[in-house]
Structure formats: C-alpha cells, structure tokens
Amino acid sequence: MEPKPWRDRVRDEEELLAQLNQAASDAASRRAQALRDGVTELGTVAEVARALGRSWQAVDQALKRDQRKKAPDPGAPTTE
C-alpha cells in the first residue's frame with residue numbers, strides 16, 4: 001500500500017487544524033460565559049480571579065477577548 005501523496009496529507013492536516021482552532025474558540029467562549037456567571041455570583045472580576053487563583057488581569061482579558069469576538073464588525077453593512 002502506497003503512502004498518501006504529500007498534497008493530500010497537507011490538506012488533511014489543514015482540515016484538522018481548522019477543526020482544532022474552532023474547538024479552541026468554542027471552548028474559550030464557554031469559559032468566558034462561565035467567568036461571566038462567576039462575576040454575577042461573586043460580584044467582581046477580582047473575586048472570580050481570587051476564587052480561581054488567577055490574576056484579575058487574566059480573567060479580565062479573557063472576558064474582553066470574548067466580547068471583542070462577539071462585537072459586530074464596524075465595517076459591516078447595517079440594516080438601517
């Protein structure tokens with residue numbers, strides 16, 4: 001049995017990388033939602049960070065990254 005041609009292997013690995021990137025993005029969104037739930041429960045980002053043993057900056061940045069990801073594209077056409 002001959003090995004797969006290199007072009008097919010590259011294409012397969014690129015597809016796998018795209019799936020992994022999507023899975024990581026989805027996990028980051030779920031994590032940010034859990035952090036928001038923690039802020040709702042505990043009251044502040046600092047309290048959530050303290051409960052997790054992380055810096056408040058790390059928690060704050062995770063929330064901001066998720067917010068930016070969900071923000072509408074400023075160059076996108078509007079319905080107005």
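The values are calculated or read from the model by the stated rules, or taken from the named source; none is laboratory data. Everything numeric in this text was worked out from a predicted model, so none of it was measured. Using ideal geometry, Cβ is built from the backbone for each residue, glycine included, and neighbour counts are taken over all protein chains shown. Each accessible area value is taken on the protein alone, full model and side chains, heavy atoms only, with ligands, DNA and RNA left out. Shrake-Rupley method; radii C 1.70, N 1.55, O 1.52, S 1.80 Å.
Computed extension gain for Lys69 through Leu52, at 0.36 nm per residue and net of the alpha carbon distance, reaches 3.8 nm. So for the chain, taking the charge dipole from beta-carbon charges (+1 Lys/Arg, -1 Asp/Glu), which of Leu16, Trp6, Gly75 sits furthest toward the positive end? Working it through, the farthest residue towards the positive pole turns out to be Gly75. Charge dipole of the chain (Cα centre as origin; +1 on each Lys and Arg Cβ, -1 on each Asp and Glu Cβ, all else neutral): 260 debye, rounded to the nearest 20. Going by the alpha-carbon gyration tensor, a ≥ b ≥ c the square roots of its eigenvalues, is region 1-71 rounded (a/c under 1.5) or, if a/c is not under 1.5, prolate (a/b greater than b/c) versus oblate? It is prolate, given that a/c is not under 1.5 and a/b is the larger ratio.
Would you tally the net charge around Asp26, using a Cβ to Cβ cut-off of less than 15 Å, leaving Asp26 out, and scoring K and R as +1, D and E as -1?
+4
Accessible surface computed residue by residue for the chain, with neighbouring protein chains in place and a 1.4 Å probe, gives 85 Å² per residue. Among the DSSP helices (H) of the chain, those spanning at least 15 angstrom by Cα along their long axis with an average Kyte-Doolittle hydropathy of -1.0 or more are 6-42; this is a geometric and hydropathy rule only.
Electrostatic bookkeeping for Pro5 treats Lys and Arg as +1 and Asp and Glu as -1; over the other residues with beta carbon under 15 Å from its beta carbon, the sum is -1. For the chain, the share of accessible area belonging to carbon and sulfur comes to 55 percent (1.4 Å probe, ligands and nucleic acids excluded).
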